[in-house]
1. Since residue 241 meets every condition but one in (1) buried (at least 19 other Cβ atoms within 10 Å of the Cβ); (2) under 22 Å from residue 124 (Cα atoms), which condition does it not meet?
2. Got a sec? Which of 339, 300, 317 is under 26 Å from the mean Cα position of the chain (by Cα) and surrounded by 19 or more Cβ atoms within 10 Å (Cβ to Cβ)?
3. In this structure, does residue 660 turn out to be more than 16 Å from residue 209 (Cβ to Cβ), among the basic types (Lys, Arg) and part of a loop (DSSP other than H, G, I, E, B)?
4. Just to be sure I understand, how many residues within segment 276-320 are over 26 Å from residue 197 (Cβ atoms) and of a type in the set (S, T, N, Q)?
5. The conditions are (1) under 20 Å from residue 150 (Cα atoms); (2) surrounded by fewer than 22 Cβ atoms within 10 Å (Cβ to Cβ); (3) in contact with a strand residue (DSSP E or B) (Cβ under 7 Å, 6 or more places away or on another chain), and residue 393 fails exactly one of them. Which is it?
6. Are any of the residues in segment 365-375 surrounded by fewer than 15 Cβ atoms within 10 Å (Cβ to Cβ), at pLDDT 95 or above and hydrophobic (A, V, I, L, M, F, W, C)?
7. Suppose the filter is more than 30 Å from residue 456 (Cβ to Cβ) and hydroxyl-bearing (Ser, Thr, Tyr); does residue 319 pass it?
8. How about segment 651-661: which of its residues are buried (at least 17 other Cβ atoms within 10 Å of the Cβ) and out of contact with any Pro (no Cβ under 8 Å at 6 or more places or on another chain)?
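The values are calculated or read from the model by the stated rules, or taken from the named source; none is laboratory data. Because the structure is predicted, anything quoted here is derived from the model rather than measured. Glycine gets a Cβ as well: all are built from the backbone with ideal geometry, and neighbour counts include every protein chain shown.
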Amino acid sequence: MKNIKTLLLTLCIFVVTHTTSQETIQNKPDSTISLQEVVVNAYQIQTMQHHVPGAISLLSGEDLRTSDGNSFAHTLHAIPGIYMHSGTYATGRIVIRGVGSRTPYNTNRIKSYLNDIPITSSDGISSPEDIDLMGIGRMEVIKGPASALYGSGLGGNINLYTPEKGSNHSEALVQYGSFQTLKASVASSYNRENMQIWGNLSHLQTEGHRENSRFNRTSILSSGRWLQPRYSLEYTLMLINLHAQIPSSVGKSLYENDPMAAAANWKAIEGYKEYQRAIAGVTLTNRISEAWSNKLTLFGRWADSYERRPFNNLDDGTSGGGVRNRLSYHTALYDVLIGVEWINDTYRWQMDLDNELINKNREERNQSNLFGMVYWLPTQNWNISIGGALNSVDYRLTDQFSENGDQSGKRSFPLLFSPRLGINYSPSQKLALYASAGHGFSMPSPEETLLPEGDINENLQPEQGMQYEVGIRLNLFNKATQLEASVYRIDLNNLLVTKRLTEDIFTGINAGETRHTGIELMLHQRIFSHHSFPGSLSLSANYTFSRNRFINFEEDGNVYNGNQLPGVPSSIGKVSIQWLPYQVFQISTHFQQVGSQFMNDANSVKNDAYFLSDLKISYLVHTPHSGNFNLFVGINNLANIRYSSMLTVNAVAFGNAEPRYYYPGIPRQTYAGVNWQF
């Protein structure tokens, strides 16, 4: 019933705004209400979003900072089909179209890029939330399997781009809020003739809303471009230093009676994780001729991490790099590209207990992806794409702790071919129809590849799947209304299941098949726009209804065929409204409904649905010599709803303790700050 109410609310809003926008345009033919067409890059070529042969979601820099600017989950929830579990600022799990819901404490079915540089490690772990939102100028998301474009990443791709400022510009931000949350950031861009340089320094710290949840992160992000008539040279540099305490998940009793509490064992030892991370890349783009161009990217990455845990301590790190090259050919009828991506990473880890070493390993992993794509434009109304990729993965494990026997080994997976076909038909700028089919895969993580004894699991296979989707895009009333609807189905086999044996031991198994189906709706609406009061009013809304089921899944003698996948909300709806009654005054509100979700494979326990609301008010002060000061205040979780912002799927009960399913969400939170632009 709640799903129906949410859908009806969205449709009613569309009907009302449809009528209002039509009246506005009739009365003001020259109104600035029209939304501008945008160019996207995530399909490996620059093209208008209206003509893309498949689903793609785009968020601008302004979209990323409509709330407190700290929550990556809040940002992603502006896109249909995506849900991010967020236990703390340092513990999260991104789920796209139901894929990746059973990963314990991170995201490992999605591939992420920053300025075309892979920031997903070779073990498949993605942490785009490490990047401060002030450092992101645009986000493009491909949902579902897209391995023909980007290699391993069954759930989809998140492509991030640093801001591009066309003039010299600086800004500084200071923000303070509940739980002693302090954010300070400064950014600047320098433009001179053919050179552009941008940089951002950001710091975020908080005591956290739970015990043992202190968080501290400092990051530097910089990018630049040197333009020449026949070529351009770009760079990207990211440095992150993070220290975060771990409150962990809690059982039902603590969740209901003392949600501020940390898990007792993590609180007792003041568990935490800390790491330093660096990513650097250089891109050379050559315009060989009017038709030919080549883009070569060289990159390196390094990370060093330490985690203090109740059961043992983990010291690990990654070092490596790679190359990505894309050769393109463009004519009026064709866009052809062929590319290669090669990544080599060395992952090392060791564990100790009571100051005694119990494990030490090093794993070297190589990934190769040879991809090609053809975009055929027989007329201006059609865009037909066909392509595919060959993917190769191998790794070598070196056991550096001989006391428990030598468990070294190597594994090479068979070549994987990922095809993709997409069609877009746009008879006018008002209407576009698209359909696509694509294959994807995900590799097992280091934890999943090892048996409990530490040996390599030779039988473990990559998870693979096919996605089929159809959709429609509408640009109505002089682009005042933008509506997109899509229907999809994903069939997965060789499902990779992370099986928890004890609190600190995991292994991976292939466990059958799943099917993911859903409907996604997205609406952007300019309701009215005036130069004086009542000013301008705009609305964004999205809704997702999905069913993600086990088709064939048996574990430990239990048959779960027909059950729903845990950790995926049955529906998600979000409405955001922005009102500028005057040019210098803005009110933003957000309403989000998250449906119920099962917490285990047996579907015997369920997390309740919840509803959140946020409010932000800002006022812009112009000064003739000192720039602009944007003063703002805001409240998140306005009604102080108790909810679980992250679930530990299939939590295991040890001894007489309750299974710890719940990460309590942040209660009512206020904040205020100033953003100075000069």
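1. Of everything listed in (1) buried (at least 19 other Cβ atoms within 10 Å of the Cβ); (2) under 22 Å from residue 124 (Cα atoms), residue 241 misses just condition (1).
2. Values: 300 fails: surrounded by 19 or more Cβ atoms within 10 Å (Cβ to Cβ); 317 fails: surrounded by 19 or more Cβ atoms within 10 Å (Cβ to Cβ).
Exactly one of 339, 300, 317 is under 26 Å from the mean Cα position of the chain (by Cα) and surrounded by 19 or more Cβ atoms within 10 Å (Cβ to Cβ), namely 339.
3. Numbers: more than 16 Å from residue 209 (Cβ to Cβ): yes; among the basic types (Lys, Arg): yes; part of a loop (DSSP other than H, G, I, E, B): yes.
Yes.
4. Within segment 276-320, the first condition is being over 26 Å from residue 197 (Cβ atoms), and the residues that meet it are 288-292, 304-320.
Now drop any that are not of a type in the set (S, T, N, Q), which leaves 289, 305, 312-313, 318-319.
Final tally of qualifying residues: 6.
5. Looking at each condition in turn, residue 393 falls short on (2).
6. Going residue by residue through segment 365-375, those that are surrounded by fewer than 15 Cβ atoms within 10 Å (Cβ to Cβ) are 374.
This time we only want the ones that are at pLDDT 95 or above, so: 374.
Then drop every residue that is not hydrophobic (A, V, I, L, M, F, W, C), which leaves 374.
For segment 365-375, residues surrounded by fewer than 15 Cβ atoms within 10 Å (Cβ to Cβ), at pLDDT 95 or above and hydrophobic (A, V, I, L, M, F, W, C): present.
7. Values: more than 30 Å from residue 456 (Cβ to Cβ): no; hydroxyl-bearing (Ser, Thr, Tyr): yes.
Answer is no for this residue.
8. The answer is 659, 660, 661.
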